[in-house]
Amino acid sequence: MIEPLLPEPLLPETLLTVEGLTKRYGHRLACDSIGFTLDHGEVLAVVGESGSGKSTLLSLIAGEVAADAGSVSYRMRDGATRDLATLSEAERRALMRTDWGFVRQDATQGLRMAVSAGGNVGERLMGVGDRHYGRIRATALDWLARVEIAADRVDDPPTRLSGGMRQRLQIARNLVTAPRLVLMDEPTSGLDVSVQARLLDMIRGLVAELGLAVIIVTHDLAVARLLSHRVLVMRSGRVIETGLTDQVLDDPQAAYTQLLVSSVLAA
Amino acid sequence: MTPLLAFEDVAKSFTLHLRDGAVLPVIAGATLAVHSGECVVLGGASGAGKSSLLKMAYGNYRCPQGAVWVRDGARVVNLAAAAPREILALRRTTLSYISQFLRVIPRVGARAVVEAAGIEGGLPLKVARTRAGDLLSRLNLPERLWALPPATFSGGEQQRVNIARGLIAARPILLMDEPTASLDATNRAVVVDLIAEKRAAGTAILGIFHDADVREAVATRIVDVSAFRGAMAA
């Protein structure tokens, strides 16, 4: 129950407010009136089993799927809080490629598979207006080194990188523009455990160093415990329980959370 | 003088939903104060609720009834009603907890684990580094292990890393759950000394020590938790 070495949330200010977010697929409620707030530098884990609606929640927040009801408000870099639904498509895309990151479970959806590793990182920089080739390349190399991708792999496309390297490349690609909010959808699942450990440790270190706010979707309670300040337990599109991560995991109140926690094999 | 930590009429039970909603009462009517420079040791049989009290004082267990007052500078906060952010802030500045087991973090070396806890507790990097080394030396952790992640350490070695981690930053309240359980006599004595130093510095300590000689050496007062049954169903 010792909490992981996490940074403190930087400013006691709300960065993101999610209210009444609802999405229906036919008769099925994928997300039923989800609400929470996220502060600067705060890491929130969304846990639950497959089909609980946790990945849909992330897509709704990112505006990739239209919500049936509810709102997402974000405090922009200029200090103004905007309802994301009121942004123009150009504004939304600008936000997504500068101040937000999205690390996906499937690297092929988060990377450009035909572009070199360096190009994947450089592309985000060009997206924010940098046109200086030497500087872009230097920054890309620096970020690849930070995620422990050797300099001699910079010209390799992701198709030639291992699963763990692809995830690390996604992280570099997302963090190079110094975003304040990063969404992560099961970033470590499907990897070998030793590769997972390395990636988790890297995410933990970068989140601490950069003071990032993160919403991480995971089915793995150990990942939630290692990385998050707070946790939100979802089932059938609803939030079952929420609170301080170690409190929810060590003293779960809801029947479903108790089942989840007791179903984990202790290594 | 206001205590640094006080339980006021605290009750705790667990509802086991996977056991047909059986309710397991743990403690009721717990009222207890710990002042600066005190080391209050919780006594009572296993299952009497000692660890639960400590965990409520750290905000790790919820406290559904009563209040857990924590003094934070000039103000007093009820941990039982505090928001997650506030509990995390208190853990950085005010509350330290040393459990029996170290929850290891992949790839982080022993000294770095201790050092990070110091930085988190507000120490400058250099001070944290020096103090981490000093503590690990005092706790007789061989220097060749400092750079290694504690995952492969013995129980006693991990425990010593955990103790160093919990003691490196000066926090006014120290909670200890069997910190000496897997230590040999030499290292138990070191821990007894470290606790005496913390007390002398004004720390309020609440702990569980099964080992009779350690208990005798550190306790300024022993509180039998079995007395906290209140109106609890037998």
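The values are calculated or read from the model by the stated rules, or taken from the named source; none is laboratory data. These numbers come from a predicted model, not from an experiment. Reconstructed Cβ throughout: ideal geometry from the backbone, glycine too, with neighbour counts over all protein chains shown. Quick note on the areas: whole protein, heavy atoms, side chains included, nothing else; ligands and nucleic acids left out. Shrake-Rupley method; radii C 1.70, N 1.55, O 1.52, S 1.80 Å.
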- Task: For the stretch A:255-267, enumerate the residues that are surrounded by fewer than 17 Cβ atoms within 10 Å (Cβ to Cβ) and either under 10 Å from B:Leu18 (Cα atoms) or aromatic (Phe, Trp, Tyr) (or both).
- Result: A:Ala255, A:Leu259, A:Ser262
- Scan (1) in contact (Cβ under 8 Å) with a residue 40 or more places away in the chain; (2) within 28 Å of A:Leu44 (Cβ to Cβ) for the single condition B:Arg92 breaks and write down its number. (1)
- Query: Which ones in the stretch A:38-80 are open to solvent by 40 Å² or more (accessible area, probe 1.4 Å) and among the acidic types (Asp, Glu)?
  - Reply: A:Glu49, A:Glu64, A:Asp68, A:Asp78
- Message: Looking at the stretch B:139-158 only, could you name the residues that are in a helix (DSSP H, G or I), at pLDDT 95 or above and exposed (fewer than 13 other Cβ atoms within 10 Å of the Cβ)?
- Response: B:Glu143, B:Arg144
- Can you work out which of the residues in the stretch A:1-20 that are within 18 Å of the chain's Cα centre (by Cα) and at pLDDT 90 or above is nearest to the other protein chains (Cβ to nearest Cβ)? A:Thr14
- Could you list all residues from the stretch B:133-171 that are under 21 Å from B:Gly202 (Cα atoms) and among the aliphatic types (A, V, I, L, M)? B:Leu135, B:Ile163, B:Ala164, B:Leu167, B:Ile168, B:Ala169, B:Ala170
- Message: Can you pull out every residue in the stretch B:199-226 that is among the aliphatic types (A, V, I, L, M), under 15 Å from the mean Cα position of the chain (by Cα) and in a strand (DSSP E or B)?
- Response: B:Ala204, B:Ile205, B:Leu206, B:Ile208
- Message: Residues that are within 22 Å of A:Leu21 (Cα to Cα), at least 3 per element: which helices (runs of 4 or more DSSP H) completely within the stretch A:53-153 meet that?
- Response: A:54-61, A:89-98
- Yes/no for A:Val72 being among the aliphatic types (A, V, I, L, M) and either within 14 Å of chain B (Cβ to nearest Cβ) or under 20 Å from the mean Cα position of the chain (by Cα) (or both): yes
- Message: Looking at A:Leu206, A:Leu249, A:Leu200, A:Leu227, can you tell me which residue is within 19 Å of A:Gln105 (Cα to Cα), touching a Lys or Arg at 6+ places or on another chain (Cβ under 8 Å) and within 13 Å of another protein chain (Cβ to nearest Cβ)?
- Response: A:Leu227
- Query: (1) without any contact (Cβ under 8 Å) to a residue 24 or more places away in the chain; (2) farther than 27 Å from A:Asp39 by Cα; (3) under 18 Å from the mean Cα position of the chain (by Cα); (4) buried (at least 17 other Cβ atoms within 10 Å of the Cβ): which one isn't true of B:Phe14, the others all being true?
  - Reply: (3)
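Each row is one residue, and each column tells you yes or no for (1) of a type in the set (Lys, Arg); (2) open to solvent by 20 Å² or more (accessible area, probe 1.4 Å); (3) closer than 24 Å to A:Ala224 by Cβ.
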residue: A:Arg104; (1), (2), (3): yes, yes, yes
residue: A:Val121; (1), (2), (3): no, no, no
residue: A:Tyr133; (1), (2), (3): no, yes, no
residue: A:Asp142; (1), (2), (3): no, yes, no
residue: A:Ile149; (1), (2), (3): no, no, no
residue: A:Pro158; (1), (2), (3): no, no, no
residue: A:Ile171; (1), (2), (3): no, no, yes
residue: A:Arg204; (1), (2), (3): yes, yes, yes
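So, A:Val176, is that one open to solvent by less than 30 Å² (accessible area, probe 1.4 Å) and under 23 Å from A:Leu265 (Cα atoms) or not?
no
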- Message: I'd like the full set of residues that are in a loop (DSSP other than H, G, I, E, B), in contact with a Leu (Cβ under 8 Å, 6 or more places away or on another chain) and open to solvent by 60 Å² or more (accessible area, probe 1.4 Å), limited to the stretch B:96-138.
- Response: none
- Message: Restricting to the stretch A:230-240, give me the number of residues that are within 11 Å of chain B (Cβ to nearest Cβ) and open to solvent by 10 Å² or more (accessible area, probe 1.4 Å).
- Response: 1
- Note on the structure: Checked B:Arg165, B:Arg229 against criteria (closer than 19 Å to B:Leu102 by Cα and either under 16 Å from the mean Cα position of the chain (by Cα) or modelled with pLDDT under 95 (or both)); the one match is B:Arg165
- Total residues in the stretch A:243-267, condition in contact with a helix residue (DSSP H, G or I) (Cβ under 7 Å, 6 or more places away or on another chain) and among the hydroxyl-bearing types (Ser, Thr, Tyr): 3
- Item | Among the candidates B:Ala89, B:Ala74, B:Ala81, residue that is among the hydrophobic types (A, V, I, L, M, F, W, C), open to solvent by 30 Å² or more (accessible area, probe 1.4 Å) and away from chain A (no Cβ under 13 Å) | B:Ala74
- Query: Looking at B:Gly109, is it out of contact with any strand residue (DSSP E or B) (no Cβ under 8 Å at 6 or more places or on another chain) and either of a type in the set (Asp, Glu) or more than 10 Å from every other protein chain (Cβ to nearest Cβ) (or both)?
  - Reply: yes
